[in-house]
Amino acid sequence: MLNFPPTGTDLVIALTAFLLGWYVIGLHLSRRRGGALVRQIRDSIQFFGGAATIRWIGRSAFRIEVEPLAPPLSRLGVSLLMEPRETFLLWAFGRLSGRRDWVKVSATLSGGVKGAFEVYHPKRRGGSDSAHEVRSLGWAVEPFPGRAELLCASPGPDGRVLAQEVMGALRGMEIWGVRVRNKEPQLTVSLPLPVTETRVPLPIFPLLSHLAQLILAGGFSDEARKGQGRAGG
């Protein structure tokens with residue numbers, strides 16, 4: 001029986017009971033959420049064909065790889081990191097930092113890439129890694145037009161054009177990062193996956209072939225090419 005006012009021992013017992021209860025419930029929720037996400041992503045990538053392999057990394061992360069694929073894609077990797085629901089302090093800190101279940105889609109394309117850029121949210125998962133890399137590359141960083149929460153870095157104007165085209169195709173989606181490079185995987189997209197997002201396929205996957213075509217074309221869609229032609233004329 002707890003004393004009133006509670007003693008230090010009472011508070012320690014109560015805190016221990018709370019954390020233990022949170023761990024048990026959180027572990028159950030994590031397992032259920034993980035199973036649901038594996039099924040959701042597996043069903044989302046079925047239309048690509050190829051052979052898929054699933055590998056769990058601990059209790060809160062997994063990776064799916066799919067190959068071979070038809071052009072303009074040749075290989076696809078999907079990594080997912082879930083919130084640490086079983087650990088209260090980590091979960092609470094992550095929530096305060098805006099972190100949620102996070103999916104990163106990496107695509108190897110079937111051709112060469114002419115441009116490069118990095119669009120990223122500096123306060124979300126992966127943002128610090130992106131910031132460190134663009135600093136090491138010496139790329140200019142500026143706010144992304146129309147998306148005040150995002151930053152854009154590129155080695156030159158071609159990269160900025162490519163970023164505009166790719167992000168235009170992703171309009172309406174909450175994006176935490178988009179990376180395009182001339183080495184495998186050429187395209188990486190990271191975004192949150194809230195529990196309310198139950199659609200199959202997930203919206204990012206049907207867009208991948210279109211994004212790959214834009215990138216292989218150097219970021220110039222038909223409309224952009226016409227604009228470039230008018231400017232040159």
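The values are calculated or read from the model by the stated rules, or taken from the named source; none is laboratory data. Predicted model, so just to flag it, every value in this text is computed and none were measured. Counting neighbours? That spans all protein chains shown, and the Cβs are built from the backbone with ideal geometry, glycine included. Side chains are part of the model used for accessible areas, which takes the heavy atoms of the whole protein and leaves out ligands, DNA and RNA. Shrake-Rupley method; radii C 1.70, N 1.55, O 1.52, S 1.80 Å.
Which condition number does A140 fail, the rest of (1) within 21 Å of F205 (Cα to Cα); (2) open to solvent by 20 Å² or more (accessible area, probe 1.4 Å); (3) not charged (D, E, K, R) being met? With (1) within 21 Å of F205 (Cα to Cα); (2) open to solvent by 20 Å² or more (accessible area, probe 1.4 Å); (3) not charged (D, E, K, R) applied to A140, the lone miss is (1). Exactly one residue out of A107, A163, A131 is open to solvent by less than 40 Å² (accessible area, probe 1.4 Å), closer than 25 Å to L80 by Cβ and out of contact with any Leu (no Cβ under 9 Å at 6 or more places or on another chain): that is A163. Among the residues of the range 22-37, is any farther than 28 Å from P122 by Cα, touching a Leu at 6+ places or on another chain (Cβ under 9 Å) and surrounded by fewer than 14 Cβ atoms within 10 Å (Cβ to Cβ)? Scanning the range 22-37, I find no residue that is farther than 28 Å from P122 by Cα, touching a Leu at 6+ places or on another chain (Cβ under 9 Å) and surrounded by fewer than 14 Cβ atoms within 10 Å (Cβ to Cβ), so the answer is no.
Confirm whether P157 is open to solvent by 40 Å² or more (accessible area, probe 1.4 Å) and either in contact with a helix residue (DSSP H, G or I) (Cβ under 7 Å, 6 or more places away or on another chain) or modelled with pLDDT of 95 or more (or both). No.
Counting the residues of the range 67-99 that are open to solvent by 60 Å² or more (accessible area, probe 1.4 Å) and either in a loop (DSSP other than H, G, I, E, B) or in contact with a Ser or Thr (Cβ under 8 Å, 6 or more places away or on another chain) (or both) gives 6.
Whenever a residue of the range 26-45 is over 17 Å from S79 (Cα atoms) and part of a helix (DSSP H, G or I), its partners that are aromatic (F, W, Y) and open to solvent by 30 Å² or more (accessible area, probe 1.4 Å), lying with C-beta atoms within less than 9 angstrom and at least six residues away or across chains, give the pairs G26/F88; G26/W91.
Here P122 meets each of (1) touching a strand residue (DSSP E or B) at 6+ places or on another chain (Cβ under 8 Å); (2) farther than 20 Å from V103 by Cα with one exception, condition (2).
Within the range 169-192, no residue satisfies the criterion of being free of Cβ contacts under 8 Å to residues at least 40 places away in the same chain and in contact with a Ser or Thr (Cβ under 6 Å, 6 or more places away or on another chain). Applying a threshold of 9 Å to beta carbon distances and a minimum spacing of six or more residues, or different chains, the list of pairs starting in the range 157-168 at a residue that is over 10 Å from A116 (Cα atoms) and touching a residue at least 24 places away in the same chain (Cβ under 8 Å) and ending at one that is open to solvent by less than 50 Å² (accessible area, probe 1.4 Å) and of a type in the set (K, R) reads M167/R147.
Of the residues making up the range 68-84, those that are more than 17 Å from L27 (Cα to Cα), charged (D, E, K, R) and out of contact with any Pro (no Cβ under 9 Å at 6 or more places or on another chain) number 0. Scan the range 134-160 for residues that are under 28 Å from E83 (Cβ atoms) and among the charged types (D, E, K, R) and jot them down. Correct list: R147, E149.
Among residues that are modelled with pLDDT under 95, open to solvent by 30 Å² or more (accessible area, probe 1.4 Å), under 32 Å from the mean Cα position of the chain (by Cα) and small (G, A, S), A52 is included. Can you pull out the residues in the range 12-41 that are within 15 Å of R85 (Cα to Cα) and charged (D, E, K, R)? R31, R32, R33, listed by residue number.
The requirement of being aromatic (F, W, Y), open to solvent by 60 Å² or more (accessible area, probe 1.4 Å) and closer than 30 Å to V113 by Cβ is satisfied by F47.
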